[in-house]
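Please read the structure below before turning to the comments.
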Amino acid sequence: MHKRGIFVHIFTLLCALPTLKMQKLDENITNSLVNSKTFCSFANQTNHFLTMSFTEHANQIFNQVIKDYHLTDNVDTPIHNPYERESIDHALYLKCWIDTVQWHYEDIIRDPHIDPVEALALKRRIDRSNQDRTDLVEEIDSYFRQTYSQVKPGLDARLNTESPAWAVDRLSILALKIYHMQEQVERQDASAEHIAKCQAKLQVLLEQQKDLSLAIDQLLEDIEAGRKYMKVYRQMKMYNDPATNPILYKK
């Protein structure tokens, strides 16, 4: 059931998934939002999913995103999501693209010589990106919740500390850490000491990726079997809401 059962179960439920609505992403990814009627076209990937676990497939997509972004290595590069708009693959690709662009936003804003006006504009982009990331994670969780909506938890079923999509969020960011730590290991202008430290860190990140991937797959298997159940709590970021941020509503 670990690899096959989970996706066979998904395919029987996909057409019941309601329309997902999301807020706007930053300028270059607005047109790539998951704004679908269903994830029904995900069923077309049946044969592919039967041969690998959810996280094996997700990690492949994350690596593809990071490779695609670094073809230009520019935060203003428009996204070209290769997956069908109605598919979970589209959502995973978009999720990692947001993370990748924000990774480089964070690099840029730490330039000690950045113009203050540019820094403020970039901070606004980071804020929007964080909200977009949160919105997309919640939509992916809605997908998981609908997928397992027909599962009846056992009387002794336990609640996990985090939802599946927030664990997937960490997996996406781990892929970025691994890519950029590998870059440090391969630097020609760095000292042997620096490279050795980064190599050690890279090994830890790779082990963490392996462990987190296994934990996510086991969590999905437990939810499917009724050993665990999921609840989704929306991230109530009060500082982004003009009605709850006193600096905004008092003006």
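The values are calculated or read from the model by the stated rules, or taken from the named source; none is laboratory data. Quantities reported herein were computed from a predicted structural model and do not represent experimental measurements. All Cβ positions, glycine included, derive from the backbone under ideal geometry; neighbour counts span all protein chains shown. Keep in mind that these areas ignore ligands, DNA and RNA; they rest on the heavy atoms of the full protein, side chains included. Shrake-Rupley method; radii C 1.70, N 1.55, O 1.52, S 1.80 Å.
Here are the numbers for this structure:
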| read-out | value |
| --- | --- |
| FRET efficiency, MET236 to ALA190 (Cβ-Cβ, R0 45 Å, nearest 0.05) | 0.60 |
| Accessible surface of segment 53-140 [probe 1.4 Å, protein heavy atoms]: carbon and sulfur percent | 53 |
| Ranked by how many other beta carbons lie within 10 Å on average, peptides 154-164, 88-98, 213-223, 111-121 from highest | 88-98, 213-223, 154-164, 111-121 |
| Signed unit charges on C-beta, dipole axis of segment 120-231, positive-most listed residue ILE216, GLN203, THR134 | THR134 |
| Principal axes of segment 95-234: Cα extent on each, largest first, Å | 58, 38, 19 |
| Whole-Hz ³J(HN,Hα) from phi, Karplus 6.51 cos²θ - 1.76 cosθ + 1.60, for segment 142-153, glycine and proline x | 4, 4, 5, 4, 5, 4, 9, 5, 8, 7, 9, x |
| Segment 208-251 - accessible surface per residue (Å², probe 1.4 Å) | 71 |
| Calculated SAXS-style log₁₀ I(q)/I(0) at q = 0.19, 0.20, 0.21 Å⁻¹ - segment 55-169, Debye, Cα scatterers | -1.06, -1.13, -1.20 |
| Solvent-accessible area per residue for segment 68-167 (1.4 angstrom probe, square angstrom) | 50 |
